[in-house]
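Heads up, the thing below is written out as structure tokens.
The values are calculated or read from the model by the stated rules, or taken from the named source; none is laboratory data. A quick note: this is a predicted structure, and the numbers were derived from the prediction, not measured. Every residue, glycine among them, receives a Cβ derived from its backbone with ideal geometry; neighbour counts consider all protein chains shown. The protein model used for the area step is the full one, side chains on, heavy atoms only, and it has no ligands, DNA or RNA in it. Shrake-Rupley method; radii C 1.70, N 1.55, O 1.52, S 1.80 Å.
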Amino acid sequence: MTDQSLFVEGVRATIQAVWREQRRPSTPVRDLGGEASPATLPDSLRVWVLDAAGHSVYLSLPLLACEAAGGDGGAAVPVAAAWHLFHAGAHLLDDVVDGAVPGLDRAQTLNATVALTFLAQLSLATLRQSRVPAERILDLITAFNATALAMSAGQASDLAWEDGAALDAYWSIAAAKSGAFFALACRAGAMLGVEPEAETVCYERFGAHFGMLLQVSDDLRAVWRPRGRGDLLTLGRTLPIVYARAMAPPETEARLRDLVPRVPDDAVALAEVQELLKDPKLLGEHALSVLHYVTVRAGIHYQKARAALRATSRRDVAQIGLLLLLDRVMPALAIHDGAGAAREATDGA
Amino acid sequence: MNEVVSDVSSQGREPCDIELEREVERRLQPLWTLSPNALLERLLGSDPEDPDESGAWVGYASPTKLT
């Protein structure tokens, strides 16, 4: 299966199928009266998850990694569905923690996150129908669970974030959250292929750098094109602010420290922060400007992601799809050799 | 945290990373000649309303109600 819309429909059908499981009480529960009025998850959650699957730009990562590693794309459907369910749960949790959606009930959201995590496990279990060996399914469930733990650890550090925390803390948290999450998408897809573990690790590494690049891109947008209150409430934890505060002379650091907490309710403060961070002279002569530093770090992750794909021994057209998705994250990095990157992936294919 | 994930959090203090940083600086040379506003436009994409240029979360806003 290579057609994108068929793939997305397959993912949605898998989610619908596992969703029905929670509406079907087991025999002992039915005996207790559960059949008459079965408890169900909110339908608004199901509708949102299915709608989001249709909008997710990166849903095809597991598919492309699977095909690039020589696997049958059809088997990637339950994996992509599981990743999407997991993704939706993490996204909801982040939003409620950040206060991004004021009307969203905290308890309902936390409950939904737990439900989505377990629905993801059920989705992986449907791989039995694709004749994936039981041992491999167990490996996939383990990979999902290990990533969930890494992300929870990252979230714990994020929640414990202290004002003015070091740049190292930023990168560790980004790796544990975004890096680990996108590494999983590519690792899980590649695990359905025919290549040895060393090749799977190459795709995992590609996904990890992909996720880091996406995080840097998201942080830039949060500062200069915020999408809502959630972005403004967490502005102090974005790379441009963390770097500027780490490198700025004391007076500038104090100014940023004063401005950032006011940003959610003060458009003038936001405008001043945006102008300060753009100023090439903000950090003096001995440090890279904020935009220069952020661009170089993004460029390094972009190049490392490409290098990870180059390190694979098998060449496949699906690698072009992976590179095109990578180019899409921050097109400015790809302008100089984007087409070359695609050619490079298939040399010798 | 596994090896791959801890590797991506490194800030490039290894010699090979320093070499890569120089390479990235060189590859992106045309960007360094731009004004801050023009560089920012290039990094963010030209059309803020285009979902294709807006990262993973567009069209993906959380529901406002879960009841």
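Cα gyration tensor of the range A:129-203, axes a ≥ b ≥ c as square roots of the eigenvalues: rounded (a/c below 1.5), prolate (a/b > b/c) or oblate? Spell out each step's value before the answer.
Numbers: a/c = 4.45, a/b = 2.38, b/c = 1.87.
Since a/c reaches 1.5 and a/b is larger than b/c, the shape of the range A:129-203 is classed as prolate.
The accessible area of A:ASP51, taken with all protein chains in place and a 1.4 Å probe, comes to roughly 70 Å². Every pair of different Cα atoms in the range A:212-296 enters the Kirkwood calculation, which places the hydrodynamic radius at 12.7 Å. The trypsin sites (Lys or Arg not before Pro) of the range B:1-38 that meet both conditions, a loop assignment by DSSP and at most 10 other Cβ atoms within 10 Å of the site Cβ, are B:ARG13.
Can you tell me how much longer the chain between A:ALA166 and A:ALA246 gets when fully stretched, taken as 0.36 nm per residue apart minus their C-alpha distance, in nm with one decimal? Can you show the working numbers first?
Numbers: separation 80, 0.36 × 80 = 28.80 nm, distance 0.66 nm.
Answer, rounded to one decimal: 28.1 nm.
Rounded to the nearest 500 deg cm²/dmol, what is the calculated helix-only ellipticity per residue at 222 nm for chain A, with -39500 (n - 2.57) per DSSP H run of length n ≥ 4?
Details: 17 runs with 237 residues, N = 349.
Computed ellipticity for chain A at 222 nm equals -22000 deg cm²/dmol.
Once you order the gyration tensor axes a ≥ b ≥ c over the Cα atoms, which shape class does the range A:1-133 get: rounded for a/c under 1.5, otherwise prolate or oblate by comparing a/b with b/c? Cα axes put the range A:1-133 in the oblate bin. Considered as an equivalent ellipsoid built on the Cα gyration tensor, the range A:86-138 has semi-axes of 31, 9, 7 Å, the largest given first.
Before anything else, pin down the relative contact order of chain A: Cα pairs under 8 Å, at least 6 apart, normalised by residue count, whole percent. Intermediate results must be reported in sequence, preceding the final value.
On the way: 453 pairs, mean separation 60.0, N = 349.
Relative contact order of chain A: 17 percent.
State, as an integer percentage, the relative contact order of the range A:53-181 based on alpha-carbon contacts under 8 Å between residues 6 or more apart. Averaging sequence separation for qualifying contacts and normalising by length gives 20 percent for the range A:53-181.
What's the extension gain from A:ARG314 to A:ASP139 if we count 0.36 nm per residue and subtract their Cα-Cα distance? Let's see the in-between values first.
Numbers: separation 175, 0.36 × 175 = 63.00 nm, distance 2.23 nm.
Length difference between fully extended and current span is 60.8 nm.
When only DSSP loop residues count, what chymotrypsin sites (Phe, Trp or Tyr not before Pro) in the range A:128-185 have their Cβ near at most 16 other Cβ atoms within 10 Å? Hits after loop and neighbour filter: A:TRP161.
Between the DSSP loop rule and a limit of at most 13 other Cβ atoms within 10 Å, which trypsin sites (Lys or Arg not before Pro) in the range A:91-177 are left?
On the way: sites: A:ARG106, A:ARG128, A:ARG131, A:ARG136, A:LYS177; in loops: A:ARG131.
Filter output for the range A:91-177: A:ARG131.
Against the longest principal axis of chain A, how steep is helix A:4-21, in degrees 0 to 90 to the nearest 10, with axes from Cα atoms? Here the helix axis deviates by roughly 70 degrees. Here the protein assembly as shown is treated as a sphere whose radius is the Kirkwood value from Cα pairs; by Stokes-Einstein at 25 °C and 0.890 mPa s it diffuses with a coefficient of 111 µm²/s.
Dimensions of the range A:144-292 along the principal axes, based on C-alpha atoms and rounded to the nearest Å, stand at 56, 32, 24, largest first. Both chains summed, the buried accessible area for B and A stands near 5100 Å², from protein heavy atoms and a 1.4 Å probe. In this structure the protein assembly as shown gives 44 Å² per residue of accessible area when probed at 1.4 Å with all protein chains present.
Element breakdown for chain A at a 1.4 angstrom probe: carbon and sulfur atoms account for 55% of the accessible area. Taking every residue in A:292-303 and counting other chain Cβ atoms within 10 Å of its Cβ, the average works out to 5. Which longest run of chain A has no exposed loop site in it, a site being GluC sites (Glu not before Pro) in a DSSP loop with at most 12 other beta carbons within 10 Å, and the site itself not part of the run? That gives A:36-161 as the longest site-free run.
Shown is the FRET efficiency for A:SER5 and A:ALA254, computed with R0 = 60 Å from the Cβ-Cβ distance and rounded to the nearest 0.05: 0.65.
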